[in-house]
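Enquirer: Okay, here's the structure, questions in a sec.
The values are calculated or read from the model by the stated rules, or taken from the named source; none is laboratory data. Being a predicted model, the structure only gives us computed values, none of them experimental. Methodologically, a virtual Cβ is constructed for each residue, glycine included, from the backbone with ideal geometry; neighbour enumeration extends over all protein chains shown.
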Amino acid sequence: MKFVLDVLNYIWNLPENLIEPIEFLPDFLKDALIDSIGLIPFLFLIFILIEVIEQYYTKKKHLFVFFIKKIGPLFGSLFASIPQCGFSVIASTVYTRRILSRGTLVAVYLATSDEAIPVLISYPQQAKVILPIIFIKIIIAIVVGYLVDWLIIYNAKEPQVIQNQEAAASEVENEQGCCHHHLANAAHTKDFWLHPLKHTINIFIFILIISVVIGFILSRTGSEEVLAKYCLINSPLQPFLVALVGLIPNCAISVMLSMLFIKHTITFGSLVAGLCTSGGLGILVLLKRNNDKKDTFIILSVLVAVGTIAGLVLQLFKF
């Protein structure tokens, strides 16, 4: 047991032992490299688990389409809250076939956290916020999803080619998740290991870049408090601005929001606001495939409004 602990301790301290002696690197760059490299083993294990979950989703796609249509926002919110990068893509694809309700799609987006949960898990000191984030977003998603179906009566244009449920579900097989991998049929191929590795490298690069930028700014401003002030910490504008940023359909955005929260630059409320609008690649599919632009605008507007209000309420009550 002692040998195992010694090996783990050696691995944990290896980045610092390798990088700290490099004298020509500035301190902020050393810190960013040490912190980012140390996360690689944790990220890889997390993304292996996510790959298993994602493969389960795609194998059961026909079942998901059936239950989402019957139960709607409740089912969509619960499954979208599980860390994975394909469910919002699946939901968006099926919605553009008009098999999901608008409220169900909104619920999926609101419950999705994209890459935030894996990043936060990688920082043990942030473990206490993970369950509150998931719980708050699920509650918001369920309530707002049903309200959208009940209150918004605008009928979106039908797709150019009407498909049945089975055809819409099979369309998922042609969709791609992050890192341009197919969402289906990877369980027995090298992609099962290759995608988590690529995903780990991508997120590592995102974290490193964001950490370097934040570290450089901190080296100039002098403290996290000063940087937080520049970022409008505790201002009512911050949740709104972060909610707008969250709409950008790229997993780097949720990584950036998580890192800003870890560095005490945005509030917990602003983090929730940004993650409520961060529907990942699902939003990109909606923008590309939904032939009713007014309907797309309604969905995105609801996300921003809900994210902003949730962020302001959490900020007001000092969560």
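Enquirer: If the requirement is being more than 18 Å from Tyr146 (Cβ to Cβ), of a type outside the set (A, V, I, L, M, F, W, C) and touching a residue at least 24 places away in the same chain (Cβ under 8 Å), which of these qualifies: Thr96, Thr104, Thr112?
Expert: Thr96 is the lone residue from the list that is more than 18 Å from Tyr146 (Cβ to Cβ), of a type outside the set (A, V, I, L, M, F, W, C) and touching a residue at least 24 places away in the same chain (Cβ under 8 Å).
Enquirer: In contact with a Gly (Cβ under 7 Å, 6 or more places away or on another chain) and either in a helix (DSSP H, G or I) or more than 14 Å from Ile140 (Cβ to Cβ) (or both): is that true of Gly282 in this structure?
Expert: So Gly282 does not fit the description; no.
Enquirer: Can you tell me which residue within region 202-238, out of those that are of a type in the set (Gly, Ala, Ser) and without any contact (Cβ under 8 Å) to a residue 40 or more places away in the chain, is farthest from Pro15 (Cα to Cα)?
Expert: Among those that are of a type in the set (Gly, Ala, Ser) and without any contact (Cβ under 8 Å) to a residue 40 or more places away in the chain, it is Ser235.
Enquirer: Same structure, new question: Kindly indicate whether Ser270 is crowded, with 18+ Cβ neighbours inside 10 Å and small (Gly, Ala, Ser).
Expert: So Ser270 fits the description; yes.
Enquirer: Of the residues Thr104, Thr112, which is in contact with a helix residue (DSSP H, G or I) (Cβ under 7 Å, 6 or more places away or on another chain) and either aromatic (Phe, Trp, Tyr) or modelled with pLDDT of 90 or more (or both)? Before you say what the answer is, go through the steps one by one.
Expert: Values: Thr112 fails: either aromatic (Phe, Trp, Tyr) or modelled with pLDDT of 90 or more (or both).
Matching residue, one of Thr104, Thr112: Thr104.
Enquirer: Of the residues Ile266, Ile248, Ile203, only one is outside any helix (DSSP H, G or I), hydrophobic (A, V, I, L, M, F, W, C) and under 15 Å from the mean Cα position of the chain (by Cα); which?
Expert: Ile248
Enquirer: So how many residues does region 285-318 have that are surrounded by fewer than 20 Cβ atoms within 10 Å (Cβ to Cβ) and in a loop (DSSP other than H, G, I, E, B)?
Expert: 4
Enquirer: OK, next. Which of (1) out of contact with any Lys or Arg (no Cβ under 8 Å at 6 or more places or on another chain); (2) part of a helix (DSSP H, G or I); (3) buried (at least 18 other Cβ atoms within 10 Å of the Cβ); (4) at pLDDT below 80 is the odd one out, the single condition Glu166 does not satisfy?
Expert: It fails just one condition, (3).
Enquirer: Can you tell which of Val94, Val108 is of a type in the set (Val, Ile, Thr), crowded, with 24+ Cβ neighbours inside 10 Å and closer than 16 Å to Phe135 by Cα?
Expert: Within the list Val94, Val108, the selection yields Val108.
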